Structures are given as C-alpha cells and as structure tokens.
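The block underneath contains the structure these notes are about, expressed in structure tokens.
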C-alpha cells in the first residue's frame, strides 16, 4: 500500500504591499503544480493537500506568525505530516529557529519538509548546504536592517526628526532645504506646550516627579499617551513618574535635536536598549520650549537627587550556547582569566565536577579546520552566488513601486478636487470638508514619505554590480571562516561535548555538526 502524505502548503511574504500580496498566489500555484506533477510521477507515495497556510506582512526573522502557529498546532494533532514551501527564505530567515525546525522538530514529529526551489527534501535527510543557505538568508535580512539604520542615521545627521509622532508639546513640519525634505520640530503653542513649561517650573520649585504626575492627573490634563490615542484610556490615561522623568531629561525641550539614544538589541528582537551617550547623534539646534539655562538647572537638580545604578550585563562568548560537560551534563562557562571555558559546576565548590577546561582559540582552530575541509569537498560556491543574484533581482522593482505611488498620489489629487468642488457648491458642509481633506492629506503625506524612502533606498541598490560584489565578498569570508562568530557556531554546530579523564586530565572533544561530514 502506498504511503499517503498529508500535505500543508506554506507561503509567506514580509509586507502587505500590493506587489508582495501578489506573490502569495504565485507561491501557492508553484507548489500546487509540484504536487500535481509528483502525484502522477511518484509511484511510492500519494499526496493529499490538507490545507494552505498563508502569512502576509510578517518578517522571516520571526516565527511568531498566526498561520505558522496554526500549522504547528495541526502538526501536533496529527492532521499534517508534510510541509511544502517554495524556498527556505519563505519558510524563515532566522538561521537558529529554521535549523531547529528542520533538524529537530520535524524529525521528532515525523514531518517531511520540502523546499522546492532549494531541492531540499528531509526524507533524504537535510541537504548539507542548507545550514549555509540559512546563514545567507539571515545575512541578507541583517544587511537590509543595516541599510535601513544607515538611512535613518543620515537623516538624523542632517537634522531631520525621524520620530513618527512629535514629542509632547511639539508639532512636526516639513521643511525643504537645498531640495531635500527634512522634518523639523516646532512648538505646538497650545495647552501641551504650557504643561511642559509648568513641569519644569514645578520641578525647580522642589516638587518630585510623583507629585507633579499626581497634580496633572488631578487637573484632568491628558497625558502624552492620549494625545494620539496611542493606548486605551482605561489603562494608560494617566501621567506617571516615568512620563515626567522623560520630559525633564529630553534635550529636545531645550532645542537640541539629540536622536539615536535607543536601538534594538538585534534586528531579530523588538527589545530596545539605551545607547552610550558618546554615540548619540546631534542634529543641530532649533527653538525649544524651555530655555537652555532652565534645562541645565533641572539637569543638575536631577543628578543631585538621583541614585547611581550598576550595569549587570555581560557579553556571551561564541561557544557558550553549544558547549557542555560530558560528566555532569552541565554547561561550560567562559573564564576571562583562563581565556577559555570551564565546567560551570566545577566553579561552585563541593567537588561537584572537574574543570574540563578548554581554550577558546584552540577550539576555534580545530573547528575551522574541520569546516574548511567540508566546504572544499561538498559546498558549491556558485550555488550560493546564484542565491545572491536572485535576492538582488527581487529588490529591483523599486521603479515600479515608485510609479504606483505617483499614480496613487494623482488619484488623491483628483479626489481632493472633487471634494473641494462639492464644498464650493454647498454639497458638503465645512466640517465634513475639513475631515475629508485632513484624511486625504494624511494619505498624501504618508505616500510622499514612503516614496522618499524608496528613492533613498533605490540609490543604494542601483549599482547592482557593487552590491553583488559586496555580498560575494561576504560569502567568501563565510566560506573561508575569516568571520567566525556566534552566528557561525549556532548555525553549523548542534553541540560540543568535552570529556575529561579524571586521572590524566586528558580531554576528548566531540563536535556534532548540523550537516554530515
């Protein structure tokens, strides 16, 4: 009797823009054609399509996707035992989690995984080049993130405010300088501006941030969170200590455009951290709500009242997550003085385990030699270069997207003209006209901003040859392991186990790679 596979088709795009929306049907059509063809030609198996799962507007760097989670639930319940996707980048661009699903989860659940364009079929075990493709996919999304950050950095340096919403007490206006559009902060000249001045005045009178927050709440003054209806009123409709503290310490209130004070921990995480002060970007001065003398007095007073804190963060070393002790099954931790790793339990006293010490550089040398030998024998560099070219081709549609935006702007211009004529002919009331005009203007501003960003990005990608050579150089460095870091280790190695002879103290190193050497 033929084995019947219960098939799930999985398709994903990273944005909900029209051109990517159309990519979903293309992916599904490709996979349905594969099923139809192989259903006729494969005499060993039957293929039954159970369900199609689509995730739209979700980055490949995260696996927190609604349809993907539903597919996982269906796998758990036994409804699905085969996952079919067009290519590995549609499945995911997070090399660690992608590797976990391919190497561990699917195997445990008895799920067959096929990536059509990559010729990956886990029924024949995972292709040796897959870990390298996962690195390439992550390298690509990492580079896109870097280019976006670079674009923002350039805007900050030329004095353009990159905030999506202005600070409390300010408005954002567009100013054209030398043909370049910059966003500038100007005083709102309303109640919010007066509240900011009052906060500074009360603090210099000796009030604490808690007392100021309570005072503003008793006056029923709406906090910054309510200005743009950012949060539900029932939960966040109050002034807090942190809100007052942030207003008192923000240099924008003295008219200095300091930006880049926070950044994401990584491009894969939403968590943000404070950036060291010497890395902040000063975009120049403008007319602030608070004069500089008052701001500096407040700054001095805050230092006087504040208490110090100690930063407890510590860097992770490249083998921290894969290295373990064979005897006690515990982890190996990096010891700076030794410049290597020792069994964590041996450091706790009581003779719980021996050190199993191993130098980091010695371990790197062994692994790099192994990997170089594997690459030389099994990895086709041209296949990875083709992957790069394919990625760049996908990015070449900036011109089409800009044309679409121009068409949309023309439609909005026509729409505004019709609404204006309706107002003149008394078809629309003044109130309704203002509401509609405001909505149209908001759409226009969003489209213009998006077009500016596309034009900025297009300039970086126009020289395809230069970008291709840069990526190619990056791949060459990966394959020669000139850049040997945590990303490389976690992508290519499952675990490293250190065994130590209790008498001779001789070490045995067992390295378990994610490919077959």
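Among 275, 196, 475, what is the fewest-to-most ranking by other Cβ atoms within 10 Å? Intermediate results must be reported in sequence, preceding the final value.
Values: 275 13, 196 23, 475 18.
So the residues, fewest neighbours to most, are 275, 475, 196.
Quick one: 252, 79, fewest Cβ neighbours within 10 Å first, how do they rank? By the 10 Å Cβ count, ascending: 79, 252.
Ordering 438, 328, 353 by the number of other Cβ atoms within 10 Å of each residue's own Cβ, fewest first, gives 438, 328, 353. In a fully extended conformation the segment linking residue 411 and residue 507 would gain 27.3 nm over its present Cα-Cα distance, using 0.36 nm per residue.
Normalised by residue count, the range 3-127 yields a Cα convex hull volume of 95 Å³ per residue. Spin-label model, residue 380/residue 426: points 7 Å from Cα along the beta carbon direction are separated by 7.7 nm. Paramagnetic label reach from residue 222 (point 7 Å along Cα→Cβ; backbone nitrogen cut-off under 20 Å): within the range 237-261, residues 237-241, 243-244, 247.
Every read-out reported here was derived from the displayed coordinates using simple, explicitly stated rules and does not represent laboratory data. These numbers were taken from a predicted model, which means no experiment stands behind them. Using ideal geometry, Cβ is built from the backbone for each residue, glycine included, and neighbour counts are taken over all protein chains shown.
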